[in-house]
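*Asks:* If you scroll down you'll find the structure; I have some questions about it.
The values are calculated or read from the model by the stated rules, or taken from the named source; none is laboratory data. Note that the structure is predicted; figures quoted are calculated from it, not measured. For neighbour counting, all protein chains shown are included, and Cβ atoms are generated from backbone atoms with ideal geometry for every residue, glycine included. We work out accessible area using only protein heavy atoms, side chains counted, and drop any ligands, DNA or RNA first. Shrake-Rupley method; radii C 1.70, N 1.55, O 1.52, S 1.80 Å.
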Amino acid sequence: MKRKWSLRLASLLLALALLLTGGALAAPARVDFDELELTALDMDAVRRTSSQACTAAKSAANASTVQAAVFALYDYLTDAATNYTLAMIDYDRDTRSDAAEAAYLQASDAYTEVLNILTDCLRTLLKSPCAQAVCGIVDEADVEAALSGTADTQTKLSQIADQYTTAYYQVLSNGHDSYDALIRDVGGLYLKMVAAMKKEAGGGEKAVQLLYDSCGRSGGYAAYEPVRSVVREEISPVFLRLLLLAEDVTSGPESGEAALGAVAGVADRHFPDLCDALDFMISYGYYDVTAAPEKADAGFTTYLYAYEAPYLFLPNSGGLDGVSGISHELGHYYNYFTYGGDADTDSAEVHSQGLELLYTLYYDEIFGADAEAARETEVTDVLSSVVLGCIMDEFQYRAFTQTPSSPEALAQMYIDILGEYGLAALAGDSLGTYWLWVHHSFSQPMYYLSYALSALPALEIWATAQDDAALALARYDDFMVLSNENGFERGLRGAGLSQPGDEKAAGRIADDALALAAKSGGWLYTDAASCWGATEIQWFGLQGAVNGYSDGSFRPGKTLTRAHVAQVLANLVGGTSDGSLSGANAASDVPKDYWAHDAIALVVSAGLMDVDAQGSFDPDAPITRQEFARVVYALLKANGVTAAGKTAYTDDALIRDDCRE
């Protein structure tokens, strides 16, 4: 994650930096991070400078004086932003420290005050005789924001986010006896934040749009429905399939520092352009990858504007998480180090996720025999960024626009969205409570879509690398340059990459991900990987509902008999019967020693399947589609799901009456 101190006027500071350095960013200050200190801010001087600029702007003859005052205000904003970032890092290093929390909130308030003073001053100057001189050093979008007042509202939304983020970390640090308690506390806190933001913005839709704008996106929520649609159709099914194949990777570096060393070694051998950034980061201590219980459970890279230096933060413990986390954040770090802190949110996540995936090409050097499993896990993780990016975007949008009545209703809303993405089977797994751990929901609401928008082109870079690693790296480098110059969408076009909603690109990503899964193994059955129902076969196999043959095959084209279905149902529902088929349940053709006798006894006694009027179960007969539908419906009906009337099928008249419902 790229964490920025400002979501509104960062381009002003970059423009200033370019003006002062003749068009190129200066090298980062060669100062040890531990030697950095907060700058004392003289708020009276800030207000005085603003007042003097507004007074001087009454005459066009004072244009140079006004520009000098604006530059001075930028300097104050730079100091305030740097103080905020340093205080944020200090607090994230120890979220249990009351002093660090107080300093962080104080720095946040000071930064907000300076930003408000600057914004108010710009608003006055842009309506003065010196407006043209001011426009020469102010980005067009920020001119519009200052004149429209959206910058003020965005600043207030950011301040609300800061307040609730600290409260969120405190809630997590308190510990909980159950998920119900966690849902109550985190969900309740989130609904309070949403209410505060809606009140400030004048409604849920307006709040969402302002939050989207703060991420540098070109459209509103509806504009990204094509992305969400292609993810539901193409990516989510593949993600589920790979998730069911996931293997634990236990090899690799044993600590955060060791993971950093491994990442640096690969860079030295294969990514030499990264080495200057890594050398600076390690030599001067602009990182923290240690594992400590008091650290914030969040990974990010941020930028210290006063020192023109990036900082990388991870609650790291080594292993695959350490390698993937560091290579991800290194993408942000490299961009910050090379181009400064002005990339838009979506571009920044391509920088990080693209490098993270390019590193998988060299996992053999880090994970040895576990390299293929590590690659599959990594690709699955980035696919999860696509899917969960869209899910969390929908989740937050509905929270802002539909106003859930309680934390429990909020949790159910999230589960419902999982179902819409074909992931209902995972609602009882960790994915069902994922939303509770997404700190971005508090620190940067509506940010999470950036993971989806960026992961798709990052995965396209990875897919290209499967055939041509040099071309993939060239496209990654081209995008980094062009996105800093022209933004996300134009950067993609210039680098030869597809837009996130492109169905053809999504299809190739899905195909290559499945090919990786087939290569790395992990399928329960040797002949199921290419089957249209592979995901479902794998899921049923993992649940113990179906079994393969002794040769490792599943034989997906083989016809199911009624006995097969009875055994699957018995495996799914569990439980026991008395082991008898007697009385009304008598089946004259199922002897006691028949391989599925007990399963048939169970499902018949449960009313899920039955015998015919002649007392025959006909266990070896193939089961028809309508008979299978009747069995599934019996199972659903036992769980409260009912239906009635005709079906929508053209051959409805051919369906048996006892199977139609």
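*Asks:* Rounded to two decimal places and with Rh computed the Kirkwood way over Cα pairs, what is Rg over Rh for the chain?
*Replies:* With Rg and the Kirkwood Rh in hand, the quotient comes to 1.06.
*Asks:* Residue farthest toward the positive end of the dipole of the chain, with Cβ of Lys/Arg at +1 and Asp/Glu at -1: which of 65, 326, 303?
*Replies:* About the Cα centre, the residue reaching furthest to the positive side is 65.
*Asks:* Right, here's the next one. Pop out the ³J(HN,Hα) list for the range 58-65 in order, Karplus 6.51 cos²θ - 1.76 cosθ + 1.60 with θ = phi - 60°, rounded to Hz; leave Gly and Pro as x.
*Replies:* Taking θ as phi minus 60°, the curve returns 5, 10, 4, 5, 9, 4, 5, 5 Hz for the range 58-65.
*Asks:* Follow-up. Roughly how many whole Å is it from the C-alpha centroid of the range 586-637 to that of the range 360-383?
*Replies:* Cα centres, the range 586-637 to the range 360-383: 46 Å.
*Asks:* Give the carbon-plus-sulfur fraction of the accessible surface of the chain in %, rounded to a whole number; probe 1.4 Å, heavy atoms of protein chains only.
*Replies:* 50 percent
*Asks:* May I pose another question? If you plug each phi of the range 366-379 into the Karplus form 6.51 cos²θ - 1.76 cosθ + 1.60 with θ = phi - 60°, what whole-Hz ³J(HN,Hα) values come out, in order, with x for Gly and Pro?
*Replies:* Listing the rounded values in order: 10, 10, x, 4, 8, 4, 5, 5, 5, 4, 4, 5, 5, 5 Hz.
*Asks:* Let me ask another. Give, in nm to one decimal, the length gained when the segment between residue 98 and residue 205 is fully stretched (0.36 nm per residue of separation minus the Cα-Cα distance).
*Replies:* Here the segment from residue 98 to residue 205 would lengthen by 35.0 nm.
*Asks:* Let me spell out the model: positive unit charges on the Cβ of Lys and Arg, negative unit charges on the Cβ of Asp and Glu, origin at the Cα centre of the chain. What dipole size does that give, in debye rounded to 20?
*Replies:* Dipole about the Cα centre, nearest 20: 1800 debye.
*Asks:* Structure shown: which of 127/199; 58/206; 206/637; 127/192; 58/156; 127/198 lie over 32 Å apart, alpha-carbon to alpha-carbon?
*Replies:* Checking Cα-Cα distances, 58/206; 206/637; 127/192 exceed 32 Å.
*Asks:* Explain nothing, just compute: Karplus ³J(HN,Hα) = 6.51 cos²θ - 1.76 cosθ + 1.60, θ = phi - 60°, for every residue of the range 82-88 in order, whole Hz, x for Gly and Pro.
*Replies:* Per residue, the Karplus-derived 3J(HN,Hα) values read 5, 4, 4, 5, 4, 5, 5 Hz.
*Asks:* Using a ≥ b ≥ c from the Cα gyration tensor of the range 285-338 (square roots of the eigenvalues), is it rounded, prolate or oblate, where a/c under 1.5 gives rounded and otherwise the larger of a/b and b/c decides, a/b for prolate? Please report the intermediate quantities before stating the final value.
*Replies:* Details: a/c = 2.76, a/b = 1.54, b/c = 1.80.
Because a/c hits 1.5 or more and a/b fails to exceed b/c, the range 285-338 counts as oblate.
*Asks:* Going by amide H atoms built from the backbone, whose H comes under 5 Å of the H on residue 287, apart from near neighbours?
*Replies:* Excluding prolines and chain starts, which carry no amide H, the hits are 312.
*Asks:* Another question about this same structure. Which percent of Cα pairs goes in each bin when the distances of the range 155-272 are cut into 10 angstrom slices starting at zero?
*Replies:* Cα pair-distance distribution for the range 155-272, in percent: 10, 19, 23, 35, 12, 0.
*Asks:* Using a probe radius of 1.4 Å on heavy atoms only, what accessible surface per residue do you get for the range 154-262? Whole Å² is fine.
*Replies:* 43 Å²
*Asks:* Percent relative contact order of the range 244-342, based on C-alpha pairs within less than 8 angstrom and at least six residues apart?
*Replies:* So the answer I get is 34 percent.
*Asks:* Additional query: Can you give the Rg to Rh ratio of the range 201-250, both from alpha-carbon atoms, with Rh computed by the Kirkwood formula?
*Replies:* 1.23
*Asks:* With each run of n ≥ 4 DSSP H residues scored as -39500 (n - 2.57), what mean residue ellipticity at 222 nm is computed for the chain after dividing by its residue count and rounding to the nearest 500 deg cm²/dmol?
*Replies:* Value at 222 nm, helices only: -19000 deg cm²/dmol.
*Asks:* Using the basic label-point model (7 angstrom from Cα toward the beta carbon), what is the residue 610 to residue 555 distance in nanometres?
*Replies:* Going from the residue 610 label point to the residue 555 one covers 3.2 nm.
*Asks:* Let me check against my output: what whole-number percent is the relative contact order of the chain, with C-alpha pairs under 8 Å and at least 6 apart? Could you put the intermediate results ahead of the total?
*Replies:* On the way: 920 pairs, mean separation 87.5, N = 661.
Reported as a whole number, the value is 13 percent.
*Asks:* Would you grab the residues whose amide H sits under 5 Å from the one on residue 304? Only those 5+ places off in sequence or on another chain, please, with H modelled 1.01 Å from N.
*Replies:* 309, 311
*Asks:* Roughly how many Å² is the accessible area per residue of the range 342-441, as a whole number, for a 1.4 Å probe?
*Replies:* It amounts to 27 Å² per residue over the range 342-441.
*Asks:* Shifting gears a bit: Given the C-alpha centroids of the range 455-507 and the range 71-140, what is the distance between them in whole angstrom?
*Replies:* 34 Å
*Asks:* If packing is taken as the average number of other Cβ atoms within 10 Å across a peptide's residues, how do 50-59, 587-596, 254-263, 386-395 rank, most packed first?
*Replies:* 386-395, 254-263, 50-59, 587-596
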